[in-house]
Amino acid sequence: MSGVFPGDEDIATGYPGDEIMPERMAKPAKKIDKRIVIAVIAVIVIVAVLVVFSDPIISGINKIGMVDIPGIGGNNQTQMLIIGQPSTGLITELDNQRDLIYYRIKDAADLDVNPAEQLAQYDVILLDQHLGATPYDKSVSRALGEAIENYVMAGGKLVVVMDSGIYRSGGEYGTGIANDVIGWKETFGNLIPVECDEVAQGILTCTQPVMVSGTIERLEQDSEIMKGIETAPADPRYEPLNILTFDVKPLGEQVAYINSTEETKNYPGIVEKNLIIGKTIYFNYDPAITPGIWQNTLEYLR
């Protein structure tokens, strides 16, 4: 029996599924809004910039020598170069924090050849010559001082202990010191956040150590260096600390001060100077006598 069933009028071939969509009903292709494309590109650029300037990526790039920015890390350990000879106590503290720090010790004279290239391998420089027996032991060359200054200006981190670096090495074959340079400014520019004061007859305070019995007191409330620490020793039942220090003048932000229990005079304890991307921290005592503060400092510098 032949005939047309209802609904078959729109079927072109007579077979189900062969319906032809009218041209006027075809779905037009979607156009991508240019504003969306620009926004996506902007987000990608911002993320890329953040990644490039993050410490882990910088460390990895430095490791293969692509750019000359301080730090070669790439892992959780901070790479530290120690210039001088820290106290036994500080070495012990560094060894106890191997999960935070990897360090190498060199004399200042070892860094006179290509100092910038040598410094760029590290995240942090610790200048600790306070145990030196002679002025030469507490000296750095003009070239090394300039390299350290440039290192910090490029984003590096510097820790200076007490009277380290107050002399400039020179003389015959570099085995002496320049007799017209005392203090930090002539060698490091404005990098060090303290300066020497004159006592009398040209004698400078940074050449005159003072023994103080007292405590380390928190001054900057928001400082990560003193996080969780108000005073050291924390327990009043402990004896005051015996602190070898200097009556220097602070130029940067005072993080902590030395409170003498024997006199009314106080002394700068920890002073920090932040540059645009680098920073310098000055300890006016051996950091080994306050292990908690030193560990906070290592965490802060990571």
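Readers should treat all values here as calculations from the given coordinates under stated rules, not as data from a laboratory. Being a predicted model, the structure only gives us computed values, none of them experimental. Heads up, the Cβs are rebuilt from the backbone with ideal geometry, glycines too, and the neighbour counts pull from every protein chain shown.
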Can you give the FRET efficiency for residue 109 and residue 211, using 1/(1 + (r/R0)^6), R0 = 25 Å, r = Cβ-Cβ distance, to the nearest 0.05? 0.25
Against the globular-protein guess of 2.2 N^0.38 Å, express the Cα radius of gyration of segment 117-254 as a ratio, rounded to two decimals. 1.17
Where does the charge balance sit around residue 250 when Lys and Arg score +1, Asp and Glu -1, over other residues with C-beta under 12 Å from its C-beta? -4
Two pseudo-spin positions, 7 Å from Cα along C-beta at residue 222 and at residue 198, lie apart in nanometres by 3.8
With 10 Å bins from 0: P(r) over segment 235-280, alpha-carbon pairs, percent: 22, 44, 24, 9, 0
For segment 220-275, state which chymotrypsin sites (Phe, Trp or Tyr not before Pro) are in a DSSP loop and have at most 11 other beta carbons lying within 10 Å of their beta carbon. 238
Take the Cβ-Cβ distance between residue 244 and residue 76 as r, set R0 to 51 Å, and report the resulting FRET efficiency rounded to the nearest 0.05. 0.95
Computed FRET value (nearest 0.05) for residue 190 with residue 42, which takes r as the C-beta separation and R₀ as 45 Å: 0.75
Cα→Cβ-extended label distance, 7 Å offset, between residue 133 and residue 262, nm: 2.6
Averaged over every viewing direction, what's the projected area of the C-alpha convex hull for segment 197-242? Give it in nm², one decimal, please. 4.6
Once you have the Kirkwood Rh of segment 111-180 from its Cα pairs, apply Stokes-Einstein at 37 °C and 0.692 mPa s and quote D in µm²/s. 263
Greater than 27 Å separation of Cα atoms is the criterion. Which listed pairs, 106/227; 106/279; 157/265; 138/273; 138/279, meet it? 106/227; 157/265
Within segment 75-179, what percent of beta bridges assigned by DSSP are antiparallel, to the nearest 5? 10
On the Cα set of segment 185-277, report Rg and Dmax in Å, please. 14.5, 44
